[in-house]
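Report on one structure; see the data block that follows.
The values are calculated or read from the model by the stated rules, or taken from the named source; none is laboratory data. On a predicted model such as this, the values are computed, not experimentally measured, just so you know. Note: ideal-geometry Cβ built from the backbone for every residue, glycine included; neighbour counts use all protein chains shown.
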Amino acid sequence: MDGSFLLSEPFVTLFKLLTGLAIGLLLGLQREMTPSAKAGLRTFGLVGLFGTVAALVADAVGNAWIVATGLALVGVMIVAAYHRTEGPEADSGTTTVIAVLLCYGLGVMVWHDRSQLAVSVAIVATLLLHFKTELHGLSARLSRQDVASILQFAVLTFIILPLFPDRGIGPYGVLNPHHIWLMVVVVSGVSLIGYLALRLIGTRQSLVLVGIFGGLVSSTATTLVYAREARSRVAMLPIGGAIIVISNLVVLVRLAVVSAVVAPGALSVLLPVIGSGLAVGVAPLVRRFRKGSAAPELQAPELSNPTSLRVAVGFGALYALVLFVSAWLSEQAGAGGLYALAVVSGFVDVDAITLSSLQLFNTGAIGAGVAVIAIGCAYLAAVAFKLALLGFLGGRAMLAQFGLLVAAPALGVAGGLLLFGAA
């Protein structure tokens, strides 16, 4: 509801007119800073005000065509202004034309009690206009593969997801095709953020960022890459080890975010366990990080595209399998069977058992404590696998220097499970 409902009718109208004017002035202020723009502060202010007035008149006389006619007039006006500009260096003005039309539309929205939404859109539009150089630089750094990743995620989300029926099938009713693919979208989205960020930060950047984004995409792949790198380049040992430790800490944050999206009801039990892992893992890392601040040239790891159809289908199949087996074991062997499966699954993929445990919690098949213990067991198994990679690929030196740091958050999680997990 619009905040102007507290005012009397004449003041409501005045408030809406001033809001339309303010939106135009906001957009116009940014365009005023662009020398080639044919519309500035006054023009945009008037266009925003005109949109609100046109909607007012259309509402008063009951003729919506007045708004459409006003939009056409504004469009013709700004296009004509740019059409009169001649010369090889003349600005086509496409951005300003769209901004003017948007300004008019936002003014119309204000009259129809959408002031908050209109102001929000105006702020976002102003940010897009203001950061033109930065956005162009960002797009220039995106490869064809990066753009393909974004498009593939859009296909997974907006084309494939609506095709799946939203109902449970199978003996236990836990295999909901829509829900399974929704989890694919959630995991792919989190991974895509890390993947793109890692691709864009370059090859000589903070090891903290590389560790964070590597953990978002795949902590296993990050561990593999930097353990192998540290063994071949001695100078990379302290840096590679720190990246591996950070990426494995980020897994805990990732689990918390995914859980908040999928099963917020389990957070009260899960967060103390994850908090214990982070608390125990961060402190020794900070002390070690201060000693290894001088970094050689840092290469971002090459990670597979997390939104490819093959990866998505593979994760969806794994998640469905783990979900079904979890339900079966939970019925046949109780919590102990689920914990055993969690340990085995943790060696392969923590996300699958995490999501399946949370889904069983959502359906009431298990309690929050059981779900959190299963997630904790999977994380402990995953850390054990990372320690094996550390020793096998990185060698004794890396295992000796960073083995305890990698294991520290797992010790914190184990302690958290003992204190909070069964609550």
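Some values worked out for this structure:
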{"item": "Unmet requirement for Phe347, which otherwise passes all of (1) over 27 Å from the mean Cα position of the chain (by Cα); (2) of a type outside the set (Val, Ile, Thr); (3) surrounded by fewer than 18 Cβ atoms within 10 Å (Cβ to Cβ)", "result": "(1)"}
{"item": "Residue that is modelled with the highest pLDDT, among those in the stretch 40-62 that are touching a Gly at 6+ places or on another chain (Cβ under 6 Å) and either surrounded by fewer than 21 Cβ atoms within 10 Å (Cβ to Cβ) or among the aromatic types (Phe, Trp, Tyr) (or both)", "result": "Phe44"}
{"item": "Residue among Ala352, Ala378, Ala371 that alone is modelled with pLDDT of 90 or more, assigned to a helix (DSSP H, G or I), in the same structural domain as Leu267 (by TED's automatic domain parsing) and within 21 Å of Asn176 (Cβ to Cβ)", "result": "Ala371"}
{"item": "Count of the stretch 34-66 residues which are more than 23 Å from Thr126 (Cβ to Cβ), of a type in the set (A, V, I, L, M, F, W, C) and in a helix (DSSP H, G or I)", "result": "7"}
{"item": "Looking only at the stretch 279-329, and only at residues there that are charged (D, E, K, R) and closer than 30 Å to Gln401 by Cβ, the one that is modelled with the highest pLDDT", "result": "Arg287"}
{"item": "Filter result for the condition that a residue is assigned to a loop (DSSP other than H, G, I, E, B) and over 25 Å from the mean Cα position of the chain (by Cα), over Gly395, Gly412, Gly364", "result": "Gly364"}
{"item": "Count - residues of the stretch 110-121 that are of a type in the set (A, V, I, L, M, F, W, C) and without any contact (Cβ under 8 Å) to a residue 24 or more places away in the chain", "result": "2"}
{"item": "Close pairs (6 angstrom Cβ cut-off, 6 or more residues apart or separate chains): assigned by TED's automatic domain parsing to the domain that holds Ser115 in the stretch 17-46, part of a loop (DSSP other than H, G, I, E, B) and not small (Gly, Ala, Ser) anywhere", "result": "Ser36/Asp91"}
{"item": "Subset of the stretch 21-45 (residues that are of a type in the set (D, E, K, R) and in contact with a Leu (Cβ under 8 Å, 6 or more places away or on another chain))", "result": "Arg31, Glu32"}
{"item": "Helices (runs of 4 or more DSSP H) completely within the stretch 68-181 that count 3 or more residues being at pLDDT 75 or above and under 27 Å from the mean Cα position of the chain (by Cα)", "result": "115-130, 144-154"}
{"item": "Only listed residue being within 23 Å of Pro264 (Cα to Cα), in contact (Cβ under 8 Å) with a residue 40 or more places away in the chain and touching a Gly at 6+ places or on another chain (Cβ under 8 Å), chosen from Gly415, Gly369", "result": "Gly369"}
